Each structure stands twice: as structure tokens, then as C-alpha cells.
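The values are calculated or read from the model by the stated rules, or taken from the named source; none is laboratory data. The model shown is predicted, which means the values in this text are computed figures rather than measured ones. Ideal geometry is used to build each Cβ from the backbone, glycine not excepted, and the neighbour counts take in all protein chains shown. Surface accessibility is based on the protein's heavy atoms, side chains included, excluding ligands, DNA and RNA. Shrake-Rupley method; radii C 1.70, N 1.55, O 1.52, S 1.80 Å.
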Amino acid sequence: MKVSKDPMINQNNATESMKMAIASSEAMRNARKRRPRRLALLFIVFVSVSFVVWDRMNLSREHEVEIYKLNEEVLRLEQMLEELKGVGNGKSLKTLKDAPENPVDVERRQKVKEAMIHAWSSYEKYAWGKDELQPQTKDGTDSFGGLGATMIDSLDTLYIMGLDEQFQKAREWVASSLDFDKDYDASMFETTIRVVGGLLSTYDLSGDKIFLEKAKDIADRLLPAWNTPTGIPYNIINLRSGSAHNPSWAAGGDSILADSGTEQLEFIALSQRTGDPKYQQKVEKVITELNKNFPEDGLLPIYINPDNGNPSYSTTTFGAMGDSFYEYLLKVWVQGNKTSEVKLYREMWEKSMKGLLSLVKKSTPSSFTYLREKNGNNFIDKMDELACFAPGMLALGASGYGPEEEKKFLSLAEELAWTCYNFYQSTPTKLAGENYFFNAGQDMYVGTSWNILRPETVESLFYLWRLTGNKTYQEWGWNIFQAFEKNSRVESGYVGLKDVNTGAKDNKMQSFFLAETLKYLYLLFSPSSVIPLDEWVFNTEAHPLKIVARNGQQERKPAVTLRQRRFGGIKG
Ligand code: DMJ
């Protein structure tokens, strides 16, 4: 306060000051009185805003659920429509109608997906870009000439399971590092089923052209293998020079039946997608050549002379070196929309099924149905686990017969699947050996006792589940999966067993474990709208190829919709 010389002024000033002090203390009192009211007001505003936000969130969650339900409904209706379209031709494939998702399936599918993540991340960590992972030594090996076999074999499995990040990283590797210009004598069979098949399947699923370009590159390198007097290919080819020959261990330089007759699906698909008929022509010539002297029982020995097309005296089998030749006769018919153009394939396959029936026998005392092998006129009471693809093939082909035959072949498929399942159940590890012998009074016993993570039995269980709807096949598949988890899972991936009796482990994660075994197991617990069997055909390495109009080029678009991938990526 200013002090004046005039006492009057000073008194007035003092009075003013007092008034001001009183006024300000009153204001403070009033403010203090108002604070609780403000706080209450603030509290009310806070509660109201929270309520509105919570309500909005609830609404959007409800909307999400609604949308999800609607999507499910659309899927169901789409499937009904597809089924209705099939009514009338009498030959449409009966696929299991999706029931509402069973929570057990969802959980099991998730477990299989987790197994894939474990296998893949181990490969990524220790063997990136190599053909196969060696989990025990934590490194990679180039058993197929350094073509990234596991990478390519896994692409479509990653895609189907909705493992997008992993898929993108693998795609980048394919685009930037996959190089086929290798001075390497490659197996044209293994390279076709794993590399050409894997790339084409991924192209069909994703619509990404890079996979088609790469498939064409490798297929062009394989083509000279078919330049033989008969067109029956040599089975080994140098990827750089194109010089081809047969393996020295095959009888007199013969070609192997399965190796020569398991390229049709991939090369026909490649012609369809590129519009270039040369691939299809090469592989179809093999079949017309083999048909020239095709026996009435449709069974060919495993060695064929590529110079004159004559079979050499050797084993006849649905196991090693014979198997996928028969599988492809049926599947080319499926791939070709079962039209008259592919009738020859179905006819040849039906002949072979007559032959297959002649190999069927029952064990004693337990009456297991099995497929024998044959050498000349001598039967051998042996069945490879590899031949366990046959139940799936029979189930897939059964619907092409009349009702009586259909029933007969389907029930044979079921009996054989039971035997194959027992290949697993009868060992201490609950994993199947490589082959089994059947002696009168002794049922089955393991011959070669390794297990290299093969897929054939779960492949058949997948087909039987899809085509019969019998849940038992899911249960069997689940038991096999658990046995793999128990015996084959190690810290850095999955290994085979040297011996299914002792459980001794080997040091290799085969690429087909990711391409086939885990894929079929995943699909075993997925709705049948994921890779439906009337739209896709699986090659022998479990790479699904889209069924398109034969010889026609189709417009490219991703074939698996995001909605379908929910079952893998989001929900699964
Ligand atoms: C795979 O490469 C294919 O399934 C082939 O047809 C047979 N062998 C292995 C799996 O066991």
C-alpha cells in the first residue's frame, strides 16, 4: 500500500484495503463452498462419458460377433449352393457338410498350427534357405541341390494356416534368393512334386505371379528329361546343363515307375496357367506310351525301359517306387473335371484297382486287411507305410463307380486305414515303422523300423474324414499327432526315429513333414470349406492345385478368400 502525507487519504486507503481483504476472503469462502459441487459435477461427467464409451465398445463387439455369424452363415449357404449344383449329375463328390465348429476341432487345429510354428521357426533359425533342417546338430543340409526344399514345401501350409508374417518372409526369399541355376543332378520326381508343385500351389492360393515365374523356370530345366525314344523320362537331370540319365542302381538303366508317372498334375497345371501346351504334352505322352502295353490288371512293375517302354522284371507294389503312379491316374481325372477328355486316366486307374484287389489279403488272427506286393507270380506279404496313401485314393475314387462298387471300394479303404492306423498303434512309440510283414498267425510285425515323419496314413485319414464324416478318423489322426509330439518333437524342430521300438532319434526334419503331415493334420480339424475337395486336387506332396477348365486359361485371383482363412489365421 502506498503511504500519503495526508492522514485522511491514508485512512481512506486503509478502509479500501480492508474492504478488499474482506471481499477476497469471502470469495475464497464461496469458492471453497463451490468445490465439492464442481467435483460432483466432474464425477458425473466422467461416469457419463465412461458409460457412453463402454456402450459403444459393447455395440461394436456385438457387431463383430454379428458380422462373424453372418460370415459363417454365408459360408454355409455357399456350401449348400455348391451341393445343390452337384445334385443331378449323380457323380458329384460327396463332401462332409460343415456342422457348426466343434471346439475340440478348433483346439486341435490350434495345436497343429503351433507344431508348424515350432517346425518353421526352427528351420528359420538354423537352416534358412537350406533344403532341410538337422535339428540335433542345429544346422541345414542341401539334400535336393540347394533349392530351399523346406521353404518351398512349406509355403502353402503357411498360407493355409494364416501364418502371414512367416509366409511374407518366405515369399521375399523366393523372389530374391531362389536360384535354380545349379550344376546339380536333381531327381526330376522330387523336384517336380516338391518344387514345381509347391510353387504352383502357392500361386493358386495367393495369385502372386512370382511363384508361377519360378515354377516355369524350374520346369523348363526339367523338360529335357523327357527327351527319350519313348518319352518315358530319365529320372535324374542336371539343372544347369540339362543332361539326363537314370540312377545307376536301377536295373539296367531303367526308369522308375513312380518317378516317371508322377509329374502329370504339375505339368498339366503349368500348361493351364501359362497357356503353353509343351509341359502337358510331355507328361501326357508318358501315359499314352504306358497304355500301349497296359496289362488287364493295370499293375506295372517298378522298372520300365525308357528306350522301348517295356517293363522289366521287378516288384509290383503300391509302396515305394510304384505308389504315386496309380495316385496320379486318378487325380489327373479329378483335375480334368472327370470329363471325356481325361477318360483314359480313369479307365487305366480302374484297371489298376482290379489289380489292387488281387493284392488284398487278410492277416491272421486279427483279420487286418493289407496290400501285398508281387514279384512275377509270387506274392510277398509285405506292405510299406508308403502304401497307406491307398485308402485315401480309394475313398477319393470310389464316387466315380456305380453304387455297389462305390460301397465296396469305400469299405476297402476303411479296412486298409484301420490296418495303417495299427501300424502306428502296434509299436511302443505309437509311431509306424517304414514297412510291415504279415505272417500267418502273427498279424503284422515291423520290418524296417525307422519312422521319418511320413504323411501317408494321416493323408488317408483326412480323405476318409472328409468323405465319410466319421469322427473316428479325426481321433486316430489326433493320436498319431500326439505320438509325433511325444517322440519326434525336440527343442529345435522335429526329427524322425531310427527305431520305432526304442524311440532312438535321427537328425532330420523332412520337408514333407511341413508340406504334408502337418497340413493334412491341420485340415483334418478344419471345416471342409477349407480347400474343398471338389475345387482342389492335392499333388502327391500335399500341394493343392486348383481345378480349372482343362487346357483353358483362367483369370487369376486369390482362390482362398480371407473369410476362409479365418479358420486358420484368425480363428484357428
Ligand atoms: C513324399 O515326398 C510324397 O508323399 C511321395 O509321394 C512319397 N514320399 C514322400 C512322403 O513319404
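The table for this structure:
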| quantity | calculated |
| --- | --- |
| Positions within the range 186-203 being charged (D, E, K, R) and either within 13 Å of the chain's Cα centre (by Cα) or surrounded by fewer than 16 Cβ atoms within 10 Å (Cβ to Cβ) (or both), in sequence order | R194 |
| Matching helices (runs of 4 or more DSSP H) fully within the range 144-228 where at least 1 residues are closer than 19 Å to W120 by Cβ and of a type in the set (G, A, S) | 149-160, 164-177, 197-206 |
| Filtered residue count, the range 429-448, keeping only those that are within 16 Å of the ligand (Cβ to nearest atom), free of Cβ contacts under 8 Å to residues at least 60 places away in the same chain and either in a strand (DSSP E or B) or open to solvent by 30 Å² or more (accessible area, probe 1.4 Å) (or both) | 1 |
| Search result, residues across the range 248-291 that are at pLDDT 95 or above and in a loop (DSSP other than H, G, I, E, B) | D254, G261, T262, E263, G275, D276, P277 |
| Qualifying residue in the range 318-332 (condition: away from the ligand (no atom under 16 Å from the Cβ) and out of contact with any His (no Cβ under 8 Å at 6 or more places or on another chain)) | no |
| Qualifying residues in the range 536-560 (those that are within 18 Å of T157 (Cβ to Cβ), of a type outside the set (K, R) and away from the ligand (no atom under 16 Å from the Cβ)) - the one modelled with the highest pLDDT | W536 |
| Given (1) more than 20 Å from Y424 (Cβ to Cβ); (2) of a type in the set (S, T, Y); (3) within 16 Å of the ligand (Cβ to nearest atom), number of the condition S528 does not satisfy | (3) |
| Residue check, S177 modelled with pLDDT of 95 or more, of a type in the set (G, A, S) and within 16 Å of the ligand (Cβ to nearest atom) | no |
| Some residue of the range 365-377 being more than 29 Å from L521 (Cβ to Cβ), hydrophobic (A, V, I, L, M, F, W, C) and surrounded by 15 or more Cβ atoms within 10 Å (Cβ to Cβ) | no |
| Sole residue being open to solvent by 10 Å² or more (accessible area, probe 1.4 Å), over 26 Å from G140 (Cα atoms), within 20 Å of the chain's Cα centre (by Cα) and among the β-branched types (V, I, T), chosen from I547, I531, I480 | I547 |
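Condition check ((1) at pLDDT 95 or above; (2) closer than 21 Å to Q168 by Cα; (3) in contact with a helix residue (DSSP H, G or I) (Cβ under 8 Å, 6 or more places away or on another chain)) across all residues:
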| residue | (1), (2), (3) |
| --- | --- |
| T502 | yes, no, no |
| K508 | yes, no, no |
| L514 | yes, yes, yes |
| L518 | yes, yes, yes |
| R565 | no, yes, yes |
